[in-house]
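Since the structure comes first, as structure tokens, the remarks are kept for the end.
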Amino acid sequence: MEFKKKGGKIAGCLCAYTPVEILEAAGMASIGLCGTSQETIPDAERVLPKTICPLIKSTYGFALTKKCPYTYFSDIIIGETTCDGKKKMYELLGEIKDVHILHLPQGKDVPYAKKMWYEECVRMKEALEEKFGITITDEALRNAVKKRNYARKLMCELYAMQKAEPPMMKGIDMMLSIQKETFAMSVDDYIADMEKLIADAKKAYLEEGERPVSADAKRILLTGCPSGGLIEKVVMTIESLGGVVVCRNDCSGERSQSFLIDENAENILEAISDRYLKIDCSVMTPNTGRYEDTLNMIEKYKVDGVIDIVLTGCHTFNIETHTMSKVMKENDIPYMKLETDYALADKGQIDTRIGAFIEML
């Protein structure tokens with residue numbers, strides 16, 4: 001509210017494909033709006049089918065009930081044509097807030113994909129300029145790119161601390177810190193918080209000898225659907241039963257942060273669009289990069305086992321578990337598929353399965 005009173009503009013974002021540099025070049029705060037709570041799902045189910053993904057229902061529920069201040073105060077929400085559920089949810093969300101939809105190509109390898117996505121980035125830039133009566137200059141875009149590139153390098157540095165044996169941080173602490181930063185009102189605040197988090201963790205580990213994680217903890221890689229709504233239900237369970245999350249190959253994980261933008265590109269907007277199209281997601285076909293990235297991270301982080309999270313109703317990631325399990329089996333990597341939602345009804349079963357998996361490791 002204070003940010004808005006001072007004239008600040010907020011753009012709500014819901015996907016790693018959203019080119020936040022364009023928003024930040026427009027002088028806007030880019031805030032994550034993905035629902036991660038069961039609280040508003042019953043309200044959403046008055047409109048949405050019960051059988052779709054909890055992230056979609058939670059996101060819509062918070063908008064419908066006005067319980068999320070970030071959604072309520074958003075001047076615009078940037079959606080994207082990823083999964084079918086989100087596409088149709090955005091139509092309903094558009095009855096509540098101003099929503100701009102980015103149309104993704106369905107595959108990165110088709111000849112027109114790069115040009116199509118660039119045109120979508122141009123269309124988004126022009127829509128912001130028209131709505132807010134502004135001009136988004138190349139200089140502003142380059143400045144935004146430089147800041148975001150640095151922020152991503154910090155994020156990768158944070159993830160890299162988990163390579164240590166034992167890791168420098170508990171996985172739950174790392175994930176909660178990252179989730180908190182999705183609500184930062186400026187990239188500068190984000191950068192300052194990340195620099196402090198990294199410096200404090202390294203000092204405690206390297207200079208003061210603190211070991212927040214047992215040397216015997218089994219090193220777990222999380223992959224699959226966004227896991228922000230499962231930090232307590234899944235990650236806390238993993239780390240209370242003898243495991244530690246050392247890396248994530250999901251929307252908020254290392255793979256979506258490792259791609260940087262060419263700051264000196266002749267066409268800076270095209271460089272921005274090119275960077276985002278590199279992201280691997282199950283909505284793309286084919287999506288072989290995800291399996292290759294997972295194997296690379298297993299080696300880099302000395303992973304003992306992989307847990308593949310599927311949010312109930314997420315068909316694309318659910319289908320990909322077939323190939324992921326096959327790839328893990330071929331490489332002798334212990335693997336478990338975990339399908340769940342934000343409700344606590346299956347928590348006892350989840351605890352038992354995770355406990356048995358870690359014990360097997």
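Tabulated data
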| read-out | value |
| --- | --- |
| Paramagnetic label zone (point 7 Å from Cα along Cα-to-C-beta, residue 51; backbone N under 13 Å) in the range 302-333 | 313-315 |
| Separation of the residue 67 and residue 164 label points, Cα + 7 Å toward Cβ, nm | 3.8 nm |
| Total charge dipole magnitude, the range 182-223, about the Cα centre, Cβ charges on Lys, Arg, Asp, Glu only, Debye to nearest 20 | 320 debye |
| Equivalent ellipsoid, the range 185-289 (semi-axes from 5 times Cα gyration tensor eigenvalues, Å) | 31, 22, 12 |
| Cα-centre dipole for the range 141-198 with unit charges at Cβ (Lys and Arg positive, Asp and Glu negative), debye to 20 | 300 debye |
| Residue with peak Gaussian network fluctuation, the chain [Cα springs, cutoff 10 Å], from 108, 50, 131 | 131 |
| Positive minus negative residues near residue 237 (Lys, Arg vs Asp, Glu; Cβ under 9 Å) | -1 |
| Derived scalar couplings ³J(HN,Hα) [the range 289-303; Karplus, 6.51 cos²θ - 1.76 cosθ + 1.60; whole Hz; x for Gly, Pro] | x, 4, 5, 5, 4, 4, 5, 4, 5, 4, 6, 5, 9, 6, 6 |
| Local electrostatic count, residue 73, Cβ distance below 15 Å [Lys/Arg +1, Asp/Glu -1] | +4 |
| Above-threshold pairs, the threshold being 29 Å between Cα atoms, out of 114/170; 9/202; 50/97; 5/50 | 114/170; 9/202; 5/50 |
| Charge-dipole axis of the range 145-278 as Lys and Arg at +1 and Asp and Glu at -1 on Cβ define it, positive-most pick from 256, 159, 224 | 224 |
| Residues whose placed amide H lies under 5 Å from that of residue 339, excluding near-sequence neighbours | 310 |
| Percent of alpha-carbon pairs separated by more than 28 Å within the chain | 44 percent |
| Residue-normalised accessible area of the chain, expressed per residue, 1.4 Å probe, Å² | 45 Å² |
| Protein accessible area in the chain, 1.4 Å probe - carbon and sulfur % | 51 percent |
| For the range 1-110: rounded, prolate or oblate by the Cα gyration tensor [a/c cutoff 1.5] | oblate |
| Amide H contacts under 5 Å for residue 305, placed H, 5+ residues apart | 219, 221 |
| Cβ crowding within 10 Å averaged over residues, with 40-47, 328-335, 243-250 ranked highest first | 243-250, 40-47, 328-335 |
| Whether the range 132-262 is rounded, prolate or oblate, judged on the alpha carbon gyration tensor where a/c under 1.5 counts as rounded | prolate |
| Inter-centroid distance (Cα atoms) of the range 119-150 relative to the range 329-361, Å | 42 Å |
| Residue-by-residue Karplus 3J(HN,Hα) for the range 207-222, coefficients 6.51, -1.76, 1.60, Hz, glycine and proline x | 9, 9, x, 6, 10, x, 10, 5, 5, 8, 4, 7, 8, 10, 9, 9 |
| The chain: relative contact order as a whole-number percent, Cα under 8 Å and 6+ apart | 19 percent |
| Lys, Arg +1 and Asp, Glu -1 on Cβ, resulting dipole of the chain about Cα centre, debye, nearest 20 | 440 debye |
| Restraint check, 218/337; 86/131; 196/218, Cα-Cα greater than 19 Å | 86/131; 196/218 |
| Cα→Cβ-extended label distance, 7 Å offset, between residue 263 and residue 157, nm | 1.4 nm |
| Highest to lowest packing among 133-143, 147-157, scored as the average C-beta count within 10 Å | 147-157, 133-143 |
| Cα gyration tensor shape of the range 124-186, rounded if a/c is under 1.5, else prolate or oblate by comparing a/b with b/c | prolate |
| Length gained when the stretch residue 210-residue 192 is fully extended (0.36 nm per residue, less Cα-Cα span) | 4.2 nm |
| Protection proxy ranking of 199-208, 66-75 - average other beta-carbon atoms within 10 Å, highest first | 66-75, 199-208 |
| Cα lying deepest toward the dipole's positive end in the range 39-171, options 144, 124, 112, charges on Cβ | 144 |
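The values are calculated or read from the model by the stated rules, or taken from the named source; none is laboratory data. Note that the structure is predicted; figures quoted are calculated from it, not measured. Quick reminder, even Gly has a Cβ in these numbers, built from the backbone with ideal geometry, and neighbours come from all protein chains shown. Ligands, DNA and RNA are excluded from the accessible area calculation, which covers all protein heavy atoms including side chains. Shrake-Rupley method; radii C 1.70, N 1.55, O 1.52, S 1.80 Å.
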